[in-house]
Amino acid sequence: MNPPTTHPPNDPKRLAWASLLLGNWLLGIVAIVYANKAEVLHLSGQIDLSVAAARRSRAWAYASFAPLWIPFAIIVVAGVYLHYTGAM
């Protein structure tokens, strides 16, 4: 296990709020809850738990982008493929 650090973990709040606005809002809310938990834990001096909560927040934020942007990317790739194969 890594020794505890004195500097705060990366602030996950910006990514969490972006996931709320640009991704699936239900998963974005979970990301914001974990981001706030990370901040509270850091302010209370529980650095290891704060880093773990920040990682969970980041994971939920990334997960909130997938349901919206992956289908968009598939549609774009399919459109480009159909355009260049002459199927359209």
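Would you mind stating whether PRO8 is open to solvent by less than 70 Å² (accessible area, probe 1.4 Å), modelled with pLDDT under 85 and out of contact with any Ser or Thr (no Cβ under 6 Å at 6 or more places or on another chain)? So PRO8 does not fit the description; no. ALA78 versus (1) modelled with pLDDT of 90 or more; (2) open to solvent by 60 Å² or more (accessible area, probe 1.4 Å): which is the lone unmet condition? Of the numbered conditions (1) modelled with pLDDT of 90 or more; (2) open to solvent by 60 Å² or more (accessible area, probe 1.4 Å), the odd one out for ALA78 is (2). Just to be sure I understand the filter: pairs with C-beta atoms under 8 Å, separated by 6 or more residues or on different chains, first member in the stretch 38-58 and over 17 Å from ARG14 (Cβ atoms), second member at pLDDT 90 or above and open to solvent by 40 Å² or more (accessible area, probe 1.4 Å). Which pairs pass? From the stretch 38-58, the pairs are LEU41/LEU49. Checking each residue in the stretch 12-34 for being surrounded by fewer than 15 Cβ atoms within 10 Å (Cβ to Cβ) and within 10 Å of the chain's Cα centre (by Cα) picks out only ARG14.
Scanning the stretch 35-67 for residues that are of a type in the set (Ser, Thr, Tyr), under 19 Å from ASN24 (Cα atoms) and surrounded by fewer than 19 Cβ atoms within 10 Å (Cβ to Cβ) yields a single hit, TYR62.
Given (1) surrounded by 16 or more Cβ atoms within 10 Å (Cβ to Cβ); (2) of a type outside the set (Gly, Ala, Ser); (3) free of Cβ contacts under 8 Å to residues at least 24 places away in the same chain, identify the lone condition not met by ILE70. Status for ILE70: all satisfied but (1).
The values are calculated or read from the model by the stated rules, or taken from the named source; none is laboratory data. No experiment lies behind these values; they were computed from the predicted model shown. Virtual Cβ from ideal backbone geometry, glycine too; neighbours counted across all protein chains shown. The protein model used for the area step is the full one, side chains on, heavy atoms only, and it has no ligands, DNA or RNA in it. Shrake-Rupley method; radii C 1.70, N 1.55, O 1.52, S 1.80 Å.
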